[in-house]
Structure formats: structure tokens, C-alpha cells
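The structure appears below as C-alpha cells.
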Amino acid sequence: MSTLEIVRSALRGMNANKLRSVLTLLGVLIGVGSVILLVGVGQGSATAVADQIGALGSSTLTVRSGGVSSGALRYQNLTTTVSDALTTASQDGTAPSIDAVVPEVSTSGTVTYGTESTSATVIGTTASYFEATTADVAQGTGFTQNDVDTSRRVVVIGSELAETLFGTADPVGQSIVIGSTPYYVDGVLQTQDSSGIESSNSNVIMPITRAQQSISGYGDLSAILLKATSDDTVDTAKAEAASVLNSVFKLSSSSDASYTISSQTQLLSTQESTTSTFAAMLTAVACLSLIVGGIGVTNIMLVTVTERTREIGIRKALGATRGAILGQFLVEATLLSLLGGLLGVVAALIGSRFSILGIEPQIVGSSVVLALGVSIGIGVFFGGYPAARASRLRPVEALRHE
Amino acid sequence: MTTVLDDDTQPLEPWAPPATPVLDVRDLHKIYDDGVQQVRAVDGVDLLVERGEYVAIMGASGSGKSTMMNILGCLDVPTSGEYHLDGIDVASLGERQLSRVRNQDIGFVFQAFNLIPSMTARANVELPMMYAGVPLAERRERARAALEVVGLDQRANHRPNALSGGQQQRVAVARSLVNAPALILADEPTGNLDSRSTAEVLDIFDQLNGLGRTIVLITHEDEVAARAQRVVRMRDGRIVSDEWNEPRDAMSGAAR
């Protein structure tokens, strides 16, 4: 009996009980599909977090006022004196790992263009802001150090804000009103990953001198951004900044610091661990559905073989060898689970084109192999085992089976 | 005449030397022992059937005739005794060889027809040839010819449940002869049939026997046994009589 014959009789067996075959297929399909898709969702959310880290710039550090030591909150004002001290240190070689120091004042204001009006975060900063962060100017230009020195009324706006105010029109060169002062739009920032914690898509960036003069007043800085010379020197830069700040604030050690230096990656590490918990949970649910699907297949295979013991008896009486019987049922089980598995892969591939829970699923190759392998394994074992048992019966015993 | 039936004509030549008996059974026993009681289903049977004979085995239910039939068909194994089928000692055969014997040397017709319900009449008839490895085209042709012999070539593409009992049994007969076996074994082949279908099936057996087929048939109906050349009666696992039916005796004289 050739392989082709075995496959043909297996197909006939599948065809003989269409409903049961379809249900088996469905069980495998759902199991395999959900494993691949849910693992993909987990992977997708992990990638989204990684993208956010990249968007924020992994070599950037943020200095904010306020720190906790011995359970007490300590606070010292972050002034331009502090940022000047850091700038000096970065230039005179005391803090060689710090590439750029960017002071930042941040407040919110109402932005108006023509009849359109919206509220936005207004950030006053220096020209090096555009180098230190991943905020790139897409249209027009950023402002220059000269603009900062002369406190010109120019702004660079986020892409989302530009769209809100100007629609499809070109904002560069237009004049917008913030508070009651008109500003010229010098440039528009490139759209950044909107899922980031600090999206700059609806921010207004202007020279720090102008912001202090017109909007925030000459108070404290909101934050000081530090850019390390490279991704690898972030930790060194952090230590150097701490020692500069300790001397400015006249602190004996970092343990009773009245400031906080955080790296962007650090901000996201919490979110990342949440994500991985989420992914692990999804994978567990997916494996559960594969097991449930597997039990369904097992059940149907057992019933199929038991019900067809008489057929096995007839076939043996007509001269079928044990191998031919076993082959037929094995091929039948394998075809069913393979077909179901492949349909599951297709379903998962289609499903992965849609965003699930706000996440773009990413298909993981190993999950495809694993899910297919497990489903075929289940089909072969639980189809093969009862068939092997039945094929060993003497024909007369199998024939007696009703 | 069809190719299916021509294959086996050679031993019928009148001048041929006495051929090996198709069935040669000596002191056969089959004992079922469930620990509580012992049932001696077959209890010391000797039976010799020559090529071309048409033998009916008769007996009440429980006489051991069905057990006997299962052993003759290699569907069951005896507890003790010798069984030579067409000269081969069946006890010496392994699993694969037994499959081959069932496939090549024996054609079985069951009381319950035992067709595979999901397959058409033709596919059912082709099944033994499939296990024998006959190429597809030849298989088609031989199945068609066999169905023609039983008068069902027009219903080849029907499934068993679309056929009457008599027609199903005729398909089963076609299936039993398609590999040109040395022996056709029929276990109460008319037990589930009405009198008209019974007559049809028995006519086919007559026709096959006329062409030289060896047939062993189990029945408890006298009319059926009357069609055979030889009647063996069993009771309590033993053969109690072994007689030749007079008028048909002369017909197969050439075989002996």
C-alpha cells in the first residue's frame, strides 16, 4: 500500500465525518492561532516600550528638584546658577561625560492662531535642546543661541499642535499668540512616538529668556536636561552631575540629596516590567487555550478510533497489515492537526494586522513553530495511540466491537 | 467470462494430479477459559476440503461453527491443533504473513455484510486489492468485473446505505472474490436476507462454484445447505456427520 493510498484513505476518513473533522480543525485552529497571536501581542507591547525608550533618547538625564532621604522630603531650588555650574563643569573638564546642559522652564499657556485656540505646554529652553533631545525640527528651523541671548519672540511647535492650529497650511513664518504676546513660528518638530511618556507633539518650544520674560517669570527651572557623551557614559555622567550638584547645594553626600537625577530608561523600566508581566500572562492564557484545544483533539481522536474499531476489524479481515491501519489513522490525525495548525497560523497572521488593545502584535517565529509542533504532536500521539492499540487486536475481537 | 474468474481454473484440468487440499484441519481445539468456567467451543475437529468443493457447515447456535469459521478465516487463533491452508501451516505464520493470507488466500463473506459505510460499493470491492498493492487502473477494471458478476455494476458508485441488504451482500461477495482467493468463507451469508435476496446470493455461489471456486459456508437453514455438495454438521464443538448431497455430487466429480 503506497503512501498516496494511505493519504487517500485518510482523506476519505476525514471526509466521512465532516462535522467532527471541522470541529477538530477548529480546536487546533483556535489553540494555535491564539498562542501565536497573544505571544505576538506580548512581543508587540515590549517593542513599543523599547521604541519609547529610543524616542526619549537613552543618553539623556533629567535633573529635578526634590529628593527623599531618611524618609524626609528635601527640597532646594533649581536655579540658573545650578545649570550654569553644570555647564561650567562640562566645559572645564570636571564633568567630561556631560556633553550638553539644557535648562528648561515649563508652564502651560493658551495658544491662539486666528480663530483656533488650544492650551499647550510651553517650554522655555536653550538652542542645545534640539541636539540633546530627540526632538528634531522637521519644517523651518530651530531657534539659535543668538535668539536666546536677544530673547526673540520665536517658537518651534509640535506637529500635533501645528495640525490643530493650522490644519494643512504651512505654519512656518506665521504668527501665533501665547497669552497676549505674538510669536513667530520658526519651525515645526517632527512627529514623535506618541506613546512616549513626555510627548512633545503638542508642545511649544521657545527661548528660555523669552519664556521667563513673558510667561513663567524669573523663578526656578523646572528641570535641567543633561546629555551624556554616549549611551555608555550615562552612568558616569550621572555621577559627575551628582558631585557638581552636591558642591553647589553644599551637601556632604548624595544620600541626603535634595535633587533627583533620573535617566529616561529608568523612567521606563517600571513600565517595561509591567509589560513583561502582561506578556507572560498572555502567553499563559494562550498556552491554556492550546491545551484546551489539544484536549478537544484528543477526545475526538479517541472517539473516532473507538467508533471505528469495527472498521479496523473489517480492514484487517480483508488483509490490511497493522502498519497500514496505523498509517491510515496517523496520517488522518496528522493531516487534521497540520491543517488546523496551518489555518491557525493564517488566522494569527490576519489577526496580527489589526491592533489589539492598542498594541500592534508582532509574530514571533518560535511561537509559530512551538504551537504547530505541539498541536501536531497531540494529534499524532492521541490519534496514533488508540489506533495502535486497535490495530493489535485480533480481527475477530475488532469485528465484535459495536 | 471475466478476468476475475479465469485466474483459478488451472487446477480443474481433469488430468491434473491430486492437488493440495485447500483446508486440512487436524484435531482443532478452541477453549475459552475465563477462570470460572471452561467453554470448549471447538473440541477436536478434523476436516479436509479439496479444491473446488462446496461445503456447508451446519449446526445450532453454540455448536462452535462460527468459532470454527473465524479460525479457518485466520481471524482468530486456535488453542491447539493443526491448520493447513492451501498447504501452508497457519500456526507458523507471523502477523504480516497472516495479513497476506487473509488478503490473498481467503475471501470472507459476513452475515452482517461488513462493508465500510463511508465508501462506495466500488471502493469497498477495491479495498482488498488496495492492500494487495494492485495498481489503480487494474483495480478499477477488476472491481468493475467483480461487480458485474454479482449483477451490481450499475450501482458501483452507491454507498452501502443506499443499497438493499441483498445488494450489500452481493457487494460483499464481489469483494471476497476480487483477489481470486483459494477459498471463499461465508459465515451465515443469508442470515440477514429475505428469501429473494437469499436466492440471488446462493445463485452467485453456485455460479462461482461451477467455475471452480472452493466455498465453505455456514448456515442453520436446510434450504441453504441443500445447495452445497457436502454438508458437515456440528454439535458441541465436534463434527457429528459429514455427508454428500446426492444430486449435485456428480457435478464436481472432476475435482476428486
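The table below gives the values:
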read-out	value
MRE, 222 nm, helices only [DSSP H, n ≥ 4, -39500 (n - 2.57), over chain A, to nearest 500]	-18500 deg cm²/dmol
Exercise: per-residue mean of other protein chain Cβ atoms within 10 Å, B:119-130	3
Taking chain A and dividing mean pair separation by its residue count, relative contact order in percent (alpha carbons under 8 Å, at least six apart)	31
Highest to lowest packing among A:235-246, B:135-146, A:313-324, scored as the average C-beta count within 10 Å	A:313-324, A:235-246, B:135-146
Leading residue at positive end of dipole, the protein assembly as shown (Cβ point charges), from B:A60, A:V148, B:H29	B:A60
Span from the the range A:271-318 Cα centroid across to the the range A:77-117 one, whole angstrom	60
Helix A:322-351 axis, angle to chain A major axis (alpha carbon atoms, nearest 10°)	20
Shape call, chain B: gyration tensor on alpha carbons, a/c limit 1.5	rounded
Solvent-accessible heavy-atom area per residue, rounded to whole Å², over the range A:71-217 at 1.4 Å	45
The range A:39-181: C-alpha gyration tensor shape, a/c 1.5 cut-off, then a/b vs b/c	oblate
Dipole of chain A, positive end: most advanced residue of A:L29, A:A387, A:I224 [Cβ charges, Cα centre]	A:A387
In sequence order, calculated HN-Hα J values of the range A:160-171 (Karplus, 6.51, -1.76, 1.60; Hz; x Gly/Pro)	5, 5, 4, 5, 4, 7, 10, x, 8, 5, 7, x
Contact order relative to length of chain B, as percent, for alpha carbon pairs under 8 angstrom and 6 or more apart	29
Positive dipole terminus of the protein assembly as shown, leading residue within A:A317, A:G67, B:A137 (C-beta point charges)	A:A317
Degrees separating the helix A:234-249 axis from the principal Cα axis of chain A, which is the longest one	30
Extension gain, A:A50 back to A:L11 (0.36 nm per residue minus Cα-Cα distance, nm)	9.3 nm
Relative packing of peptides A:152-158, A:178-184 - highest average C-beta neighbours within 10 Å first	A:152-158, A:178-184
Principal axes of the protein assembly as shown: Cα extent on each, largest first, Å	135, 54, 37
Relative contact order [Cα under 8 Å, 6+ residues apart], the range B:196-248, whole percent	23
Cβ charges +1 (Lys, Arg) and -1 (Asp, Glu), total dipole of the range B:135-256, debye	520
Total charge dipole magnitude, the range A:63-218, about the Cα centre, Cβ charges on Lys, Arg, Asp, Glu only, Debye to nearest 20	520
Rounded tilt (10° steps) of A:264-307 against the dominant C-alpha axis of chain A	10
Proximal lysine pairs, the protein assembly as shown, alpha carbons under 30 Å, eight or more residues apart or interchain	7
For B:74-83, mean number of other protein chain Cβ atoms within 10 Å	2
Dipole magnitude (debye, nearest 20) for the protein assembly as shown, charges at Cβ of Lys, Arg, Asp, Glu	1220
The range B:55-66 - phi-based ³J(HN,Hα) in whole Hz, Karplus 6.51/-1.76/1.60, Gly and Pro as x	10, 10, 9, 10, x, 5, 5, x, 7, x, 5, 5
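The values are calculated or read from the model by the stated rules, or taken from the named source; none is laboratory data. Because the structure is a prediction, the values reported are computed rather than measured. Cβ atoms come from the backbone with ideal geometry, glycine included; neighbour counts cover every protein chain shown. Surface areas here come from the heavy atoms of the whole protein model, side chains and all, with no ligands, DNA or RNA. Shrake-Rupley method; radii C 1.70, N 1.55, O 1.52, S 1.80 Å.
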